[in-house]
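Since the structure comes first, as structure tokens, the remarks are kept for the end.
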Amino acid sequence: MKAHDLHPAGPWYGSRPVANTAVALVVAVFTATGGFGTNDFFGPTLAGLDDRLPPLWLGVPLAVGVGLLTWWRRRLPVILLAGSLLANALVSAHMAVVVALYTLAERTTAWPKVAAGTLATAVLVGIPIWRFAGADGAIPISIAVCVAPALLGMYVGTRRELVERIRERAKRIEREHQQRVTQARSDERAQIARDMHDVVTHRVSLMVLQATALEVSKGEDAVTIGKQIGATGREALAELRSLVGVLRNHDDAPLTPQPGLADLDVLIEESRRIGIPVTLDVTNQAEERPPLLVDHTAYRFVQEALTNVYKHAPGARTRVRVQQTPHLLRLLVSNGPGRPVTDAALPAGGHGLLGLAERVRLVGGEFTAGPTPDGGFEVIADVPISRTEER
């Protein structure tokens, strides 16, 4: 018999030594005394022994051997069945046969082996009864001693295996759920980190440009520019506070909607207030707004693209084009040549295009970027729109 044909003994085997010992003692006593056996009612055994009480020299050794095998029955079910049939051929050991067949059926997953063992046992047990009581006595006793324990054992074993599979499946589902929760939290934190980066770089870039304008004005319009710097700083703090509240998972975190395409006008106006020539061109051929994730990604894409223009082409004329169809959203931010970058320019981390490309690919889009013939630069994002994201 192969190892996988048997249920493992498992912790249940070692956790009930008292029950195992009790079953082994009962089987040993019935074997030694011939109780619940053939020659109680139906004449001699298969070997011809006709005494109701087996002689000590035969009954005691068989009882000890069968009792020990019964104690180890869950690890040696086939050997126990063979030993029980041998003992039953010499003395009345029907109790040992019942326990052996039940154990084999309970512990063995190979049903053909259970059927073969049951058939062989029914033949060996039924022959001596058939001789002295005929079919009327042999068939019911064979069913009670051989078939019923096997069926009960298969039911118990199958039920236990089903319960174990259900328990293991529940554990696996719980593990997968925890992994999904952990991954979702990680993705959300990464998204918040990207948003914080965009908020900080964009707002700080505006503040630096406004401060530069203040220096150039040499005191003229100082109050107006100062108010603009203050307003930009307060907006940055408000957005950061909102993002940090979500990151900390506070119950009182603000539930303000994330910015989307509808907020591009405000974003463009912020650039115009500090003297950066930015135009917005929107072409919408769709009747509905894009999914929330795509909508928010589009806003952050334009925001980061404008920040890159502030850094690398200050003062350049910039055009933002949004083209939406029922199945595709195209974003294009292009700028002409800007003023030469000086030491007072905004510091560049070198990751602007990488950040844009990452945002676009996270929503299944395509990103392209490159210089334009007039010496400027443009970035393009093509994002597919799937309504299944909203369900």
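The values are calculated or read from the model by the stated rules, or taken from the named source; none is laboratory data. Note that the coordinates shown come from a computational prediction; the quantities given were computed from them, not determined experimentally. So basically every Cβ, Gly included, is an ideal-geometry build from the backbone, and we count neighbours across all protein chains shown. In case anyone asks, the SASA skips ligands and DNA or RNA and just uses the protein heavy atoms, side chains included. Shrake-Rupley method; radii C 1.70, N 1.55, O 1.52, S 1.80 Å.
The length gained on full extension between Val266 and Asp136, counted as 0.36 nm times the residue separation minus their Cα-Cα distance, comes to 37.1 nm.
Largest first, how would Tyr310, Tyr155, Tyr102 line up by accessible area (1.4 Å probe)?
Result of the area sort, largest leading: Tyr155, Tyr102, Tyr310.
If r is the Cβ-Cβ distance from Arg169 to Thr368 and R0 is 51 Å, what FRET efficiency results, to the nearest 0.05?
Working: r = 46 Å, r/R0 = 0.90.
With R0 = 51 Å, the Cβ-Cβ based efficiency is 0.65.
The local environment of Glu168, defined by Cβ-Cβ distances under 14 Å, has a net charge of +3 under the rule Lys, Arg +1 and Asp, Glu -1.
Local charge for Leu264 was computed over the other residues whose Cβ lies under 12 Å away, with Lys and Arg +1 and Asp and Glu -1, and equals -4.
In region 254-304, the portion of solvent-accessible area held by carbon and sulfur atoms comes to 54 percent [1.4 Å probe, whole percent, DNA, RNA and ligands not counted]. Along region 359-365 the Karplus relation, 6.51 cos²θ - 1.76 cosθ + 1.60 evaluated at θ = phi - 60°, assigns HN-Hα couplings of 4, 5, 5, 5, 9, x, x Hz to successive residues, with x for each Gly and Pro. The simple Förster model, with R0 at 25 Å and r as the Cβ-Cβ distance, assigns Asp382 and Arg289 a FRET efficiency of 0.90.
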